[in-house]
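Asks: First the structure, then my questions, so here it is.
The values are calculated or read from the model by the stated rules, or taken from the named source; none is laboratory data. Values in this document were obtained by computation on a predicted structure and should not be read as measured data. So basically every Cβ, Gly included, is an ideal-geometry build from the backbone, and we count neighbours across all protein chains shown. Each accessible area value is taken on the protein alone, full model and side chains, heavy atoms only, with ligands, DNA and RNA left out. Shrake-Rupley method; radii C 1.70, N 1.55, O 1.52, S 1.80 Å.
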Amino acid sequence: MHRIVLQREIRSRASHKALSWFSSYNLFRSVHSLPFATVEAEGISGSQPAEVQNLVQGKWTGSAAWNTLVDPLNGEPFIKVAEVDGNGIQPFVESLSKCPKHGLHNPFKSPERYLLYGDISAKAAHMLALPKVSDFFTRLIQRVSPKSYQQAFGEVYVTQKFLENFSGDQVRFLARSFAVPGNHIGQQSHGYRWPYGPVAIITPFNFPLEIPVLQLMGALYMGNKPVLKVDSKVSIVMEQMMRLLHYCGLPAEDVDFINSDGKTMNKLLMEANPRMTLFTGSSRIAEKLAVDLKGRVKLEDAGFDWKILGPDVEEVDYVAWVCDQDAYACSGQKCSAQSILFMHENWSTSSLISKIKDLAERRKLADLTVGPVLTVTTEAMMEHKKKLLQISGSKLLFGGEPLENHSIPAIYGAIKPTAIYIPLEEILKPANYELVTKEIFGPFQIITDYKKDQLPMVLDALEQMHAHLTAAVVSNDPIFLQDVIGKTVNGTTYAGLRARTTGAPQNHWFGPAGDPRGAGIGTPEAIKLVWSCHREIIYDFGPVPRGWEIPPST
């Protein structure tokens, strides 16, 4: 039976010319047989360290200096990254300078490249759908940004679906134009989506595959030439993905890939002067880049994300489970993680908090449902807890202790999922507000409650926040939803009883609102907003009216 199924599969592949590139390889034997891979995810160790290279002007290169990364689970040196310093950026500057402002393609230039990228996306989507390939990337993500297998696999799945969504003609549909009749015969105005040309992409550690792939491909679809920098702690994931994309037909000269520290990348941006830079990461760096690059940026920065539970108490088990997932999956290291929970007084008398506590306490390091925090130390999180508990009326609901029996290095954080209750009135006091709404990129949340007539106070607390990424309004009461949604601004807001703050941008826009620099990800609208600008071309062919004479000056 197995042989018959395999024969059918082989015949099916042979009948699809678009996938003929694949049929000469057997990808089902082992990870070592993956034609693009240069590492084995589970084989990376101190005795067999992996190496991460740079890509510039179509060639993979090393570096004069190698930065050694330690395994976030045991502190063992296990990856060597070829980091470029300030003296090594010139090839990257030259590479970007070769790309004109009108891009590598646009609706008037090399339109066949829209088809090329539809084909590349189809092939890459097919590759990521193969169990051996998806497992390879899932486990590689786990090695550098430890999270549960299901959470890591979700990242691969979303990336695969994104590539699938933009296969075939979908890339050129992104460049769809429109025409408007003119004032006279022969005149017509056309609006086009136009690339920026040389661009830069900077992405964080927490989604080492999903964020860089979605933004990179969006940039390429629209005709730009990007230089891509991923946080060095996790850049091995994207380096391997770049090799997969090359295998699927991506021209090697179309993308540069650099490993460097922030200072070097800032120098590269200042010297190469990209026409647009996409930055995903902390608000502090985002604001610095906005100044340095004179506003030529799109930002998806930090999010102190809120959830409001409305007056209708239903499905307590389900709501508790979603709250646990939103706050503590990936150890809270999502820019969409639930940072603060506002409970209507009706929920305060339910079993919600005890259920969230039970769910949080079943998380364990053994299956990475809780794990190392890569940007905040244990000491820093414990100190933040201490300061919060000094606020009048505050109390520790659960957690608040370091993880036990682990070998996570001290440079990273390791605490149990934590929730602290703070009264709403205290949150709104100027002396407390900044402290309470400080984003802790780890398994840490604030919980408060409000009475029926205190909803305006909740909305006031939301109005004072500076980052407006994701949010959730958990209620099936349409009047309540209308009131809250109408008076808030978060770019990706979930509404209804099943609302959450975290969710993959496979089929919907993901990004902040309320800021003209805000970037989106995941949808045609996001790609067009971030990676293209509007160009208007007015055709005016005539004819000139018979008997026309030069009119008086005006």
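Asks: Does any residue of segment 104-113 turn out to be out of contact with any Pro (no Cβ under 7 Å at 6 or more places or on another chain) and closer than 23 Å to VAL373 by Cβ?
Replies: no
Asks: Do you know which residues across segment 183-216 are outside any helix (DSSP H, G or I), open to solvent by less than 10 Å² (accessible area, probe 1.4 Å) and within 12 Å of GLU155 (Cβ to Cβ)?
Replies: Within segment 183-216, ASN206, PRO208, LEU209 qualify.
Asks: Take segment 252-271 and flag every residue that is open to solvent by 20 Å² or more (accessible area, probe 1.4 Å) and touching a residue at least 40 places away in the same chain (Cβ under 8 Å).
Replies: The answer is ALA252, GLU253, ASP261, LYS263, LYS267, GLU271.
Asks: Among the residues of segment 224-249, write down those that are open to solvent by 10 Å² or more (accessible area, probe 1.4 Å) and over 17 Å from the mean Cα position of the chain (by Cα).
Replies: Of everything in segment 224-249, those that are open to solvent by 10 Å² or more (accessible area, probe 1.4 Å) and over 17 Å from the mean Cα position of the chain (by Cα) turn out to be LYS225, ARG243, HIS246, TYR247, GLY249.
Asks: Name the single residue, out of those in segment 250-264 being more than 19 Å from the chain's Cα centre (by Cα) and aliphatic (A, V, I, L, M), that is farthest from PRO77 (Cα to Cα).
Replies: Step by step, filter segment 250-264, then rank; the result is LEU250.
Asks: Going by what's in this entry, would GLY154 be described as closer than 26 Å to PHE108 by Cα, modelled with pLDDT of 95 or more and of a type outside the set (A, V, I, L, M)? So that I can check it myself, show each step before the final result.
Replies: Working: closer than 26 Å to PHE108 by Cα: no; modelled with pLDDT of 95 or more: yes; of a type outside the set (A, V, I, L, M): yes.
No: the conditions fail for GLY154.
Asks: For segment 255-272, which residues satisfy the criterion of being of a type outside the set (Gly, Ala, Ser), touching a helix residue (DSSP H, G or I) at 6+ places or on another chain (Cβ under 8 Å) and in a loop (DSSP other than H, G, I, E, B)?
Replies: Correct list: VAL255, ASN259.
Asks: Filter segment 383-404 down to the residues that are open to solvent by 20 Å² or more (accessible area, probe 1.4 Å) and among the aliphatic types (A, V, I, L, M), then identify the one that is farthest from ASN432 (Cα to Cα).
Replies: Per the stated criteria, the residue is LEU403.
Asks: Sort out which residues of segment 217-254 are in a helix (DSSP H, G or I) and more than 22 Å from ARG139 (Cα to Cα), and write them in order of number.
Replies: MET217, GLY218, ALA219, LEU220, TYR221, ALA252, GLU253, ASP254
Asks: Would you mind finding the one in ARG546, ARG535 that is modelled with pLDDT under 95 and farther than 27 Å from VAL319 by Cβ?
Replies: Step by step, each of ARG546, ARG535 is checked, and only ARG546 is modelled with pLDDT under 95 and farther than 27 Å from VAL319 by Cβ.
Asks: Output the residues belonging to segment 342-382 that are among the acidic types (Asp, Glu), touching a helix residue (DSSP H, G or I) at 6+ places or on another chain (Cβ under 9 Å) and either more than 20 Å from ILE308 (Cβ to Cβ) or open to solvent by less than 40 Å² (accessible area, probe 1.4 Å) (or both).
Replies: ASP358, ASP367 - these are the residues of segment 342-382 that are among the acidic types (Asp, Glu), touching a helix residue (DSSP H, G or I) at 6+ places or on another chain (Cβ under 9 Å) and either more than 20 Å from ILE308 (Cβ to Cβ) or open to solvent by less than 40 Å² (accessible area, probe 1.4 Å) (or both).
Asks: I need the full set of residues from segment 151-182 which are part of a helix (DSSP H, G or I), hydrophobic (A, V, I, L, M, F, W, C) and touching a residue at least 60 places away in the same chain (Cβ under 8 Å), in order please.
Replies: Scanning segment 151-182 gives VAL158, PHE162, PHE173.
Asks: Using the structure shown, decide if GLU239 is among the acidic types (Asp, Glu) and in contact with a strand residue (DSSP E or B) (Cβ under 6 Å, 6 or more places away or on another chain).
Replies: Yes; evaluated as a whole, the condition is true for this residue.
Asks: Given (1) in contact with a Leu (Cβ under 9 Å, 6 or more places away or on another chain); (2) at pLDDT below 95, where does ARG284 come up short, assuming only one miss?
Replies: (1)
Asks: Inside segment 305-341, can you point out the residues that are open to solvent by 20 Å² or more (accessible area, probe 1.4 Å) and either of a type outside the set (S, T, N, Q) or at positive phi (or both)? Give the steps one after another, and end with the answer.
Replies: Pass one, segment 305-341, residues open to solvent by 20 Å² or more (accessible area, probe 1.4 Å): 311-318, 321, 325, 334.
PRO311, ASP312, VAL313, GLU314, GLU315, VAL316, ASP317, TYR318, TRP321, LYS334, listed by residue number.
Asks: Name the residues in segment 518-528 that are touching a residue at least 24 places away in the same chain (Cβ under 8 Å) and open to solvent by 40 Å² or more (accessible area, probe 1.4 Å), would you? Even if it seems obvious, please write down each step before you answer.
Replies: Of the residues in segment 518-528, the ones touching a residue at least 24 places away in the same chain (Cβ under 8 Å) are 518-522, 524, 526-528.
The answer is PRO524, LYS528.
Asks: While we're here: Enumerate the pairs (first residue in segment 230-247 and closer than 12 Å to PRO204 by Cβ; second residue anywhere and among the acidic types (Asp, Glu) and at pLDDT 95 or above) with beta-carbon separation below 8 Å, excluding pairs fewer than 6 apart on the same chain, so at least 6 apart or on different chains.
Replies: SER232/GLU83; SER232/ASP261
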